[in-house]
Amino acid sequence: MPTMNMLQAINNALDIAMAEDDKVLCFGEDVGGFGGVFRATSHLQEKYGRSRCFNTPLVEQGIIGFANGLAAQGSVPVAEIQFADYIYPAFDQIVNETAKFRYRSGDLFNVGGLTIRAPYGGGIAGGHYHSQSPEAYFAHTPGLKVVVPRDPYQAKGLLLASIRDADPVIFFEPKRLYRASTGEVPEEDYQLPIGEAEVTREGADVTLVGWGAQMEVIERAVELAEKEGISCEVIDLRTILPWDEDSVVESVLKTGRLLITHEAPLTGGFAAEIAATVQERCFLYLESPIARVTGLDTPFPLTLEKEYLPDHLKIFEAIKASLAF
């Protein structure tokens with residue numbers, strides 16, 4: 001089995017999808033001959049031609065409006081937003097058009113074949129315009145699916161599943177891990193389930209939930225906790241919308257404690273939705289308050305990035321506080 005980094009796994013998934021189905025198109029800013037700013041679409045234009053992998057103007061609202069039109073007429077567009085921070089000009093197209101196309105037509109037409117790829121998150125010294133984590137904005141929108149992979153194997157399987165899904169999907173890619181995360185990835189075609197969390201580590205004392213780049217951070221915190229005799233159960237949510245309530249609840253009923261972590265700011269972050277649901281379903285089983293370890297309620301800072309990010313030490317301290325409550 002070959003070893004790939006996350007970019008190579010994403011490129012491999014796109015290659016497989018385009019080879020299988022002539023209706024799959026890749027487009028966005030600089031995705032053609034340049035291969036995208038991170039090179040995720042490298043060589044796809046050479047292989048499939050300018051009609052199937054091509055550059056667009058630097059207009060995010062136009063990219064998604066164009067993608068909606070293509071998907072409504074039977075194409076399978078994979079639209080790239082160069083940085084998740086720049087998805088906001090397309091917010092109206094995504095929330096008012098993409099998400100509502102099927103509903104407003106009574107299922108006479110839809111844009112279910114649309115996938116929107118967007119690199120998200122910090123860790124690359126990108127400052128406040130290249131480091132945001134906007135997943136919670138879209139989790140409030142019925143009609144969308146929101147997927148976030150944690151490593152190359154997950155990225156390939158989840159991206160192929162997203163492209164083939166019957167609903168429009170926003171696929172947030174943790175850019176800090178593009179080249180930092182490597183692992184064995186099958187060359188052949190495979191899919192991973194959308195809407196199902198994965199228990200990556202079993203434990204008895206506390207449940208830790210995260211997604212994307214935070215899963216690596218959680219693992220480092222768990223290593224510190226285990227040295228102090230604390231048994232942690234770790235869940236990768238993988239899909240923010242719909243999220244796997246039952247898997248998280250089942251774990252919390254066992255451990256009695258829950259810690260959720262994400263890079264996005266605390267207020268209105270998706271951890272709040274998880275916490276509210278778990279306290280409704282597990283209230284009498286909780287041994288301590290549900291903890292959130294997140295980014296700060298400030299714009300993402302350039303010079304204070306390390307202070308802003310929810311790192312393994314912050315998570316470790318929260319684990320100990322939960323056990324000591």
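Quick notes on this structure:
- Residue in the stretch 126-140 that is part of a helix (DSSP H, G or I), open to solvent by 40 Å² or more (accessible area, probe 1.4 Å) and farther than 14 Å from residue 81 by Cβ present: yes
- Selection from the stretch 286-295 of residues that are buried (at least 16 other Cβ atoms within 10 Å of the Cβ) and of a type outside the set (Lys, Arg): 286, 290, 291, 293, 294, 295
- Out of 99, 67, 71, one residue alone is under 17 Å from residue 29 (Cα atoms) and either modelled with pLDDT of 95 or more or over 20 Å from the mean Cα position of the chain (by Cα) (or both). It is 67.
Yes/no per residue for (1) in contact with a helix residue (DSSP H, G or I) (Cβ under 8 Å, 6 or more places away or on another chain); (2) assigned to a helix (DSSP H, G or I):
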{"residue": "82", "(1), (2)": "no, no"}
{"residue": "87", "(1), (2)": "yes, yes"}
{"residue": "90", "(1), (2)": "yes, yes"}
{"residue": "97", "(1), (2)": "yes, yes"}
{"residue": "103", "(1), (2)": "no, yes"}
{"residue": "106", "(1), (2)": "no, no"}
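- Selected residue (only one of 277, 294 is of a type in the set (Val, Ile, Thr) and under 22 Å from residue 181 (Cα atoms)): 294
- Output for the stretch 100-125, where each listed residue is open to solvent by less than 10 Å² (accessible area, probe 1.4 Å) and under 20 Å from residue 164 (Cβ atoms): 111, 112, 114, 115, 116, 117, 118
- Of the candidates 300, 270, 283, the single residue that is aromatic (Phe, Trp, Tyr) and out of contact with any helix residue (DSSP H, G or I) (no Cβ under 8 Å at 6 or more places or on another chain) is 283.
- Scanning the stretch 17-56 for residues that are surrounded by 19 or more Cβ atoms within 10 Å (Cβ to Cβ), in contact (Cβ under 8 Å) with a residue 40 or more places away in the chain and part of a helix (DSSP H, G or I) yields one hit, 17.
- Residue count, the stretch 296-325 (criterion: of a type in the set (A, V, I, L, M) and under 21 Å from the mean Cα position of the chain (by Cα)): 3
- Condition check for residue 146: farther than 23 Å from residue 216 by Cα and either assigned to a loop (DSSP other than H, G, I, E, B) or touching a residue at least 60 places away in the same chain (Cβ under 8 Å) (or both): no
- Flag for residue 289 being touching a His at 6+ places or on another chain (Cβ under 8 Å), in a loop (DSSP other than H, G, I, E, B) and not assigned by TED's automatic domain parsing to the domain that holds residue 147: no
- Residues of the stretch 26-63 satisfying the condition of being among the aliphatic types (A, V, I, L, M) and under 16 Å from residue 12 (Cα atoms): 31, 40, 44
- Matching strands (runs of 3 or more DSSP E) fully within the stretch 172-285 where at least 2 residues are surrounded by fewer than 18 Cβ atoms within 10 Å (Cβ to Cβ): 182-184, 198-201
The values are calculated or read from the model by the stated rules, or taken from the named source; none is laboratory data. Remember, predicted model here, so these are calculated numbers, not experimental data. Because the Cβ atoms are built from the backbone with ideal geometry, glycine has one as well, and the counts that use them run over all protein chains shown. When the accessible area is computed, the model is the full protein with side chains, heavy atoms only, and any ligands, DNA or RNA have been set aside. Shrake-Rupley method; radii C 1.70, N 1.55, O 1.52, S 1.80 Å.
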